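Take a look at the structure set out below.
The values are calculated or read from the model by the stated rules, or taken from the named source; none is laboratory data. Only a predicted model underlies this, so the values are computations on that prediction, with no experimental measurement involved. Ideal geometry is used to build each Cβ from the backbone, glycine not excepted, and the neighbour counts take in all protein chains shown.
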């Protein structure tokens, strides 16, 4: 069995075991609470586990170049701790997905109803008083908040096996920074979606890139890399090099996601085709499209994007406008340039050879993913 497969199985087991433990605790309070853990466990059962993988291979890559050398016993203990750190990152990612789906009013996640829609359906099926929608919103906020707290709990437990206090402090700093930056990026994303349309394309692209950087790129790729490297005792120069690798890769990751959100196959992505258009997302793809449209077509494009209730033919119109404007081709070119920048930065790093190959393969999966 490959090292990656072993890691992923261990991370999944830790997440499953954690959910089962909390389910017993919640059941003791009230059986009505068990649904929270059922929904959480279901959400954590899927995904590509990029965050856990980037974290782990960054740790392996930096072990032998760190000034803090660990003996076999210490490395074994640290490897066990990395499972917990990976589980914490995946729990944090799950929390971000729950909140993001609610903020975007996304009905599905990985081909099944999103958390707020599951609570909403439960309310309707039970014929309770009040609004099913408000109940769904409240339930998903609370689940997301619990998952944020649980991610910190798992992370703190894993760091009990830190090699030393300095390494523990460095990892905590990176984890804390990641949490703050994601929330900042989420707010900027909400703000951008609700802002009035503008013909300032350069400004719109800049704002969209800033959302990408803080909402996705840093926590999806850079933070896991830095946490894993910090746990190995990497020096500041190596950490900067990993940031140079991770940030453009994270930007490419989100640009690919933006394309999939407009043109992706719903059978593969698990979300309806054109879902980002229904949500009115002001992505780089959209900003580049508006740059090329005539004022009259641009006005129609803006009105549809802001309507939040699009019919199938309107989705097709927007998709066609994006293609014909050249925005899709430009975005693909941006992904290629960011990928080249990222891979070039990785090549310049003096890291363990096997781990470096794994990081490169992970990067290629990010760049070429279809879901």
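Things to note:
- Sole exception among (1) in contact with a helix residue (DSSP H, G or I) (Cβ under 8 Å, 6 or more places away or on another chain); (2) over 17 Å from residue 355 (Cβ atoms) for residue 58, by number: (2)
- Restricting attention to segment 307-333, the residues that are in contact with a helix residue (DSSP H, G or I) (Cβ under 9 Å, 6 or more places away or on another chain) and assigned to a helix (DSSP H, G or I) total 17.
- Of all residues in segment 109-132 being under 25 Å from the mean Cα position of the chain (by Cα) and part of a helix (DSSP H, G or I), the one that is nearest to residue 94 (Cα to Cα): 115
- Positions within segment 1-45 being surrounded by fewer than 14 Cβ atoms within 10 Å (Cβ to Cβ) and within 21 Å of the chain's Cα centre (by Cα), in sequence order: 5, 9, 13, 45
- If you check 80, 74 for being part of a helix (DSSP H, G or I), surrounded by fewer than 16 Cβ atoms within 10 Å (Cβ to Cβ), in contact with a helix residue (DSSP H, G or I) (Cβ under 8 Å, 6 or more places away or on another chain) and touching a residue at least 12 places away in the same chain (Cβ under 8 Å), only one passes: 80.
- Some residue of segment 288-296 being closer than 15 Å to residue 315 by Cβ, surrounded by 20 or more Cβ atoms within 10 Å (Cβ to Cβ) and in contact with a strand residue (DSSP E or B) (Cβ under 7 Å, 6 or more places away or on another chain): no
- If you check 156, 206 for being surrounded by fewer than 16 Cβ atoms within 10 Å (Cβ to Cβ), within 20 Å of residue 51 (Cβ to Cβ) and either within 22 Å of the chain's Cα centre (by Cα) or not assigned by TED's automatic domain parsing to the domain that holds residue 273 (or both), only one passes: 156.
- Residue match in segment 152-172 (condition: in a helix (DSSP H, G or I), farther than 23 Å from residue 59 by Cα and without any contact (Cβ under 8 Å) to a residue 60 or more places away in the chain): no
- Considering segment 216-245, and only residues there that are surrounded by fewer than 24 Cβ atoms within 10 Å (Cβ to Cβ) and either free of Cβ contacts under 8 Å to residues at least 40 places away in the same chain or under 15 Å from residue 362 (Cβ atoms) (or both), the residue that is nearest to the chain's Cα centre (by Cα) turns out to be 243.
- The set of residues from segment 246-265 being over 17 Å from the mean Cα position of the chain (by Cα) and assigned to a helix (DSSP H, G or I) comprises 262, 263.
- Residue in segment 86-105 that is assigned by TED's automatic domain parsing to the domain that holds residue 13, farther than 25 Å from residue 153 by Cβ, in contact with a strand residue (DSSP E or B) (Cβ under 8 Å, 6 or more places away or on another chain) and surrounded by fewer than 18 Cβ atoms within 10 Å (Cβ to Cβ) present: no
- Residue 177 part of a helix (DSSP H, G or I) and surrounded by fewer than 20 Cβ atoms within 10 Å (Cβ to Cβ): yes
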